[in-house]
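Working notes, beginning with the structure itself.
The values are calculated or read from the model by the stated rules, or taken from the named source; none is laboratory data. A quick note: this is a predicted structure, and the numbers were derived from the prediction, not measured. Here Cβ is always computed from backbone atoms with ideal geometry, including for glycine, and neighbour counts include all displayed protein chains.
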Amino acid sequence: MSNTFSGLEIGRRALNYFRQAIETSGHNISNADIEGYSRQRVEASPTDPYTVPGINSPAGAGQIGTGVGIDAIIRIRDAFLDEQFRQESTKEGYWEAVSTSLEYVEMFLGEPSENAISGSLSKLNDALNELQKNPDSSATRESFLRELDNFYTTVNHIYENLDEYRSSLDQEVQLKVDEANSLLDRIAALNGQIKTIKALGDEPNDLMDQRDNLIDQLSKLVDVKVSQADSLGSISVSLAGRILVQDDLARHLMLVPQDGNNGFYDVQIEDNEFATSNNPQTATAAISPEATEGVHSVEISRLANEKHWAIGDSTGISGFASKDESLGIEGGFSIQVGTNGYSPSSSSLAGGVILTSPSTGDLTHYTFRAAAGGKEQVITVDWDTTSGSWIINGSFDAGNQLETTDLANFINDPSNGVPLYASVDPSGEKITFKGQEGHLVSLTDIEGNLVSLMGIKKDFPTVQISITEEDSLQTIVNKINSAYSINSQPSSPEEWLHASIEQAVNGTFYIKLESNVIGENYRINITPSEGRSLFAAQKLGLVDSDGKTNIIQHSEDALFKVDSQNYLSATNVFTKARPITSYNAFKADTLEEVIPGVELHLHGVGRTDIRIERHVSGGYIAGLIMSRDELVREAMNFLNDFAKTLSDQMNAIHYSGHGISSGADLTGTPLLSPIDREKEAASALSVNSTLWERTYLLATASDDGTGHTTGSGDASKALELIQLFSKRVFNEDSATAEDYYQSFIASVGSQSRQAAVMEENQSVLTEQISNQKQSIMGVNIDEEMTNIITYQHSYQAISRYITVLDELLDKVINGMGIAGR
């Protein structure tokens, strides 16, 4: 049984409990307005009773209580709500960054406004209409050029603003990463303190509140995961499956510059950094946040030289002393822009026979041009009546039937100088050609129709040029330029070329033909007009006496392989390229996205791996990266495409038109400075500086078909420019300029509204969860005051209990055992 003095221990324990409870309530009230503070509560339970049952237990009425004991001072907090809050806070941070960025994009675009692109387009259209009414007015021409310049200045300015904003977003990424690293360091420091205090048996509640508050802030920046590490209160913080905080150690977020993305930062985890390209001298990449993670193999065999095809006698051997005097040449020739593809094949030829022994009236002489890259060879096939054989290039005897194997054997003999390989299928009925260095192949009939007999055709238009004895170099150039017009065939800038008169080193003049677009696909082929020879083309120096093209400049495409698929690209920076596949008969003429969400930058021959990996996928930092590398860049890419397409189309029309006054007999002048590649096209867009100095070169009149202008009062070219804005030449010929632009503006507006709604929804959801958290962890002053009063009365009651015990003990000590004294 308990002794007389045991009641004092019960009282002492109770006093301690009620005192601690009062102090805890006071602590709660003191921190009622502190963000992230969790109210605390003293947890108590009865102490072990006297006595514990057992064999040696003293006899008695039963167990006797020994009072109350304090088990712990705990925080009132809901771990589930904490996790929910952090998850939704991460989403809120992401949409906040995206919404803010899109607001800036909308601000830069400035729509609707007369000073924005739509307003400038409207003013440009008005100026064009005035030009069409008064084409020979110097003031009207000046006004049109001014409005054109204003329009492109607007495009330039918007593009530059977006470019600068991308840079500012990159700087903000850097600031937010520094902030996140500071939070990680503080969390790790608190983690160590908490673990130490816990090990001593205490409850560091206030420190854990501070730690949780820091984790909440970190969760808004990045999509971290938090888990309990051990029983001593230590937690671990991870990101993308990698530990950021463990015990008192922190691993930082690292800013890794990306070579293919203007040096902008990717955010990676310390000790886990990686390069997007393991061989940046070969290729780098700009990777969208929406690209699928993975590793892609890139093998580059050849870079693109990013040049136009150009032909003509630049040596001046066939040059002329005057540009304007009649040449006395009569005849004509045909022009085609294009190739047969990467690996063209013939149709099935019965028995593999291309030509049989000729009958009376049949052709006995064939000539065709075989070309790949900057090399060409002219191949002749003649019937030798003496031997009764077909003879290739005067020496190769093919017998009385020209078969696929004969032609293949001739082509594959290196001594014959044909820049192709030829292969015959097992049946012998089909022959396939391929460039020796992987270039696109061009097979062109010069005399006869041998290429056509094999079933190999070019699927693009032919332009016929007729020449009379009265024609001068200038009128021939005008005829060529006028043959390419928006209202005639061919109808696409990719199939167009323009002609100009150049001066050779020996002082003579020659005609230069140049493709409007860069790339191997746009090779210039000169062939005879129907029923005519190449005499006129040879006299003009476009081809030599053998029929080979006089190439001034040749174009080379990049040849590369991504994940075992071969591609060609006219530029070294691209998202889309032309796959070399059998599904389009190896024509390699269709653009497809190479790696979805990736812009490749080719730098040199070799091999590299492009690694797509994402360490930060949520939070404010991920929203900044998404805005920088996807949303803002998407707007910039639109402006580049818009500028490049409009420039190509307007130049094509202008090349074919005549000016007035001193420019009445001139064609081939670009309206805008030509843009060769889409990358940064919007910043390069400008009016041809020559037109500012000589407005009379502004082409408003058409050609009359003889190489001369229809007159200064003719405004048909101005009308074609007006009509251009109503033609579907944008977005793969599916939209007009206004439709294309308005669709883009609507898309930006829709994205902005979606981001704003998502941000608001997440903000409301986060606030609701926060309110739920506060209902559990927050301090209620009335409740705490009630508790204080309760604990105060309890303290007074137990004090009275101790007083009673004191009186009893006084009686025992001082009042008992005095009898007999």
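Things worth noting here:
- Restricting L218, L255 to those that are crowded, with 21+ Cβ neighbours inside 10 Å and within 35 Å of the chain's Cα centre (by Cα) reduces the list to L218.
- Criterion: more than 39 Å from the chain's Cα centre (by Cα), outside any helix (DSSP H, G or I) and more than 29 Å from T432 (Cα to Cα) - qualifying residue of I446, I476, I465: I465
- Residue check for E634: without any contact (Cβ under 8 Å) to a residue 40 or more places away in the chain, closer than 30 Å to L218 by Cα and out of contact with any helix residue (DSSP H, G or I) (no Cβ under 7 Å at 6 or more places or on another chain): yes
- Residues in the range 287-322 that are within 30 Å of R611 (Cα to Cα), surrounded by fewer than 17 Cβ atoms within 10 Å (Cβ to Cβ) and touching a Leu at 6+ places or on another chain (Cβ under 8 Å): S301 only.
- Single match in N400, N393 (criterion: within 30 Å of N521 (Cβ to Cβ) and surrounded by fewer than 18 Cβ atoms within 10 Å (Cβ to Cβ)): N393
- Looking only at the range 189-210, and only at residues there that are in contact with a strand residue (DSSP E or B) (Cβ under 9 Å, 6 or more places away or on another chain) and among the polar types (S, T, N, Q), the one that is modelled with the highest pLDDT: N191
- Of all residues making up the range 426-454, the number that are within 11 Å of S347 (Cα to Cα) and of a type in the set (D, E): 1
- Counting the residues of the range 779-795 that are part of a loop (DSSP other than H, G, I, E, B) and surrounded by 16 or more Cβ atoms within 10 Å (Cβ to Cβ) gives 1.
- The residues of the range 404-443 that are without any contact (Cβ under 8 Å) to a residue 60 or more places away in the chain, over 30 Å from I335 (Cβ atoms) and within 43 Å of the chain's Cα centre (by Cα), listed by number, are N412, S423, D425.
- Some residue of the range 605-620 being in contact (Cβ under 8 Å) with a residue 24 or more places away in the chain and part of a helix (DSSP H, G or I): yes
- Residues (among the aliphatic types (A, V, I, L, M) and either in contact with a His (Cβ under 6 Å, 6 or more places away or on another chain) or at pLDDT 95 or above (or both)) located in the range 258-283: V267, I269, A283
- Qualifying residue in the range 148-156 (condition: assigned to a helix (DSSP H, G or I), among the β-branched types (V, I, T) and over 30 Å from S689 (Cα atoms)): no
- Test for T766: is it β-branched (V, I, T), under 30 Å from D324 (Cα atoms) and assigned by TED's automatic domain parsing to the domain that holds A139: no
- Residue among S726, S775, S770 that alone is of a type in the set (S, T, Y), modelled with pLDDT under 90 and not in a helix (DSSP H, G or I): S726
- Being among the charged types (D, E, K, R) and either in the same structural domain as A14 (by TED's automatic domain parsing) or in contact (Cβ under 8 Å) with a residue 12 or more places away in the chain (or both) holds for only one residue in R728, R753, R800, and it is R800.
Conditions tested, residue by residue: (1) modelled with pLDDT under 90; (2) hydrophobic (A, V, I, L, M, F, W, C).
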{"site": "E495", "(1), (2)": "yes, no"}
{"site": "N525", "(1), (2)": "no, no"}
{"site": "F535", "(1), (2)": "no, yes"}
{"site": "N550", "(1), (2)": "no, no"}
{"site": "S555", "(1), (2)": "no, no"}
{"site": "L568", "(1), (2)": "no, yes"}
{"site": "R578", "(1), (2)": "no, no"}
{"site": "T581", "(1), (2)": "no, no"}
{"site": "H601", "(1), (2)": "no, no"}
